[in-house]
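Undergrad: One structure, pasted below without further comment.
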Amino acid sequence: MTELAPTVDQPGVHVAKPARNVPATGSYACCCGTTGRAKGDDNVRDLVAEWIDHRNTCPHR
C-alpha cells in the first residue's frame, strides 16, 4: 500500500478515521517545510483549519 502521509515533496493533508469509536489522526506538510500532526477528533479539526490558513498564506505556494 502506498504511504498516504504528506511530505515536503508531496505536500497536502491526510486525515484518517477508520471507525466511529477510533480517534481521528491527521498530518500535513507544505513544500516550504512546515508540517503538523494531530490525534483526536477535535485536534484533527484544528489541524485542518491550521493547514488551510497556512496554505492560503504560504509564500512558497
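Undergrad: Please list 3J(HN,Hα) in residue order for segment 26-38, calculated via the Karplus relation 6.51 cos²θ - 1.76 cosθ + 1.60 where θ = phi - 60°; whole Hz, with x for glycine and proline.
TA: In residue order, the calculated couplings are x, 8, 9, 8, 10, 5, 7, x, 6, 9, x, 9, 8 Hz.
Undergrad: Rounded to the nearest 500, what is the chain's calculated 222 nm mean residue ellipticity when only DSSP H runs of at least 4 contribute -39500 (n - 2.57) each, over all residues?
TA: Dividing the helical sum by the residues of the chain leaves -9500 deg cm²/dmol.
Undergrad: Kirkwood hydrodynamic radius of the chain from all distinct Cα pairs, in Å?
TA: Every distinct Cα pair counted, the radius reaches 11.9 Å.
Undergrad: With each pseudo-label sitting 7 Å past Cα toward Cβ, what's the VAL22-ASP41 distance in nm, one decimal?
TA: 1.6
Undergrad: For ILE52 and THR34, calculate 0.36 nm times their separation in residues minus their Cα-Cα distance, and state this gained length in nm to one decimal.
TA: Taking 0.36 nm per residue and subtracting the Cα distance, the gain is 5.2 nm.
None of the figures in this text is laboratory data; all of them are computed from the coordinates on show. Just so you know, these numbers come straight off a predicted model, no measurement behind them. All Cβ positions, even for glycine, are placed from backbone atoms using ideal geometry, and neighbour counts span all protein chains on display.
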